[in-house]
Structures are given as C-alpha cells and as structure tokens.
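Participant: This is the structure, below, for whatever I ask next.
Nothing in this text is a laboratory measurement; each read-out follows from the coordinates by a stated rule. Keep in mind that this is a model prediction, so the values were computed, not measured. Glycine also receives a Cβ, built like all others from the backbone with ideal geometry; neighbour counts cover every protein chain displayed.
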Amino acid sequence: MSVLDLSSIELQTSDGRLLFQTAAARFNSGEFTVISGQMAAGKTCLAKLLAGLQACTKGQISCDGRLLRRSTDFRKARIRLSHQNPASQIIGHTVLEELSLGRDSTFALPWLEWAELNERADSDPRDLAFGEQRRLALAIALAEEPTFLLLDDPFLGLDQAFVPKLLRCLL
C-alpha cells in the first residue's frame, strides 16, 4: 500500500489570499477520501496540488517517503487527476487516440465500451457533448490504473444511469 503525505501545506492565491492550510494529512492507496467545501474554497486547487499540477506556497508532499517536487515525480508516483472540465485534458485527434494513451488501440477498446463511446471512436473528442467528454476523461484516468486517483467533481455532467457504473468501477 502506498501513502501520500502532506506536511505543513499552505496554498495562497497570487494576491496572497490563503486558500487552505493543513498541518498534516495522510492518504492511503485503496481508500476513499472525500474533500468537500463551499464553492471557491480551494478544493480544485488542492486536487491540482496533489496531482503535481500546482505548487504549494509552503510545505511538502511525499509518496512512500519520497519527496515530490516536480510534475514528473507525481507521474512516477502514479497520481492522476480527472479535472472538472474534461476539455482541458484533451490532446488527441480522435476519441480512440485519446483513450489509447499512446498504446496500441486494442488497449482502448474495453475502456471505449465502458465509457459508452463505441459509436464515437473516430470522432474528434472536442466535438463530444460535455457528458461524453466527462466519461472519456474518467475512462482515461481509470485506464492508467493510478495508485492515487483524484476525481474533481466526479459526477458533474454524467447521466444518472452512468453514476452507478462509475461507482461500481471505483469500488
């Protein structure tokens, strides 16, 4: 089991407003942690910080005792984030390419089916409806088999029928 530790973390906006601070926090792989709060409380910033996409103002983050400083350190620790806005993650020209993660396209086929995007495999992912983009982003995050999976507002844009499918996959 892997452990993600936060020590004396502080995150401030560029104008110096404190978004949050914590003396210490520990997250264990295989466990679920829900972070909730008011809008604009810094939840997304914290998710980005935990994924190595944003630097903390003070403090440090480590995984299994190794200090995580650069984005490559977070990638090696297999920490992944599925953003609120899936369009911000799209880089591929087709849904299949996006989901293949640089591997042979056969890797993507089960995830394409899971995301219910079989009919859209050759479509430009930017042309998908928001809910479809959301399912694609979730499928990508899950396909990478991360040690730590961060889901920022995971049910946003999903059909009611898809939510139990996502929960079954996470459990």
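Participant: Need the C-alpha centroid separation for segment 9-31 versus segment 58-90, integer Å.
Facilitator: First find each Cα centre; the distance between them is then 14 Å.
Participant: Specify which residue in the list S62, T33, P146 is farthest towards the positive end of the charge dipole of the chain, using unit charges on the beta carbon of Lys, Arg (+1) and Asp, Glu (-1), about the Cα centre.
Facilitator: S62
Participant: Right, next: Going by Cα centres, segment 146-171 and segment 93-145 are how many Å apart?
Facilitator: Their Cα centres are 15 Å away from one another.
Participant: Here's a follow-up. Note down the net charge around F148, summing +1 for each Lys or Arg and -1 for each Asp or Glu among other residues with Cβ under 9 Å from its Cβ.
Facilitator: Its environment carries a net charge of +2.
Participant: Among L11, I90, S105, whose Cα projects farthest towards the positive end of the dipole of the chain, with charges put on the beta-carbon of Lys, Arg (+1) and Asp, Glu (-1)?
Facilitator: Selected residue: L11.
Participant: For segment 80-171, which trypsin sites (Lys or Arg not before Pro) are in a loop by DSSP, counting at most 13 other Cβ atoms within 10 Å?
Facilitator: Filter output for segment 80-171: R103.
Participant: Mind computing the radius of gyration and Dmax over the alpha-carbon atoms of segment 79-171? Å is fine for both.
Facilitator: Cα-based Rg and Dmax for segment 79-171 come out at 11.9, 32 Å.
Participant: If you take the alpha carbon radius of gyration of segment 1-67 and divide it by 2.2 N^0.38 Å, what ratio comes out, to two decimals?
Facilitator: 1.10
Participant: Just need the Rg to Rh number for the chain, please, alpha carbons only, Kirkwood Rh.
Facilitator: For the chain, the value is 0.98.
Participant: Suppose every K and R has +1 on its Cβ and every D and E has -1 on its Cβ; what is the size of the dipole of segment 1-138 about the Cα centre, in Debye to the nearest 20?
Facilitator: The calculated dipole for segment 1-138 is roughly 740 debye.
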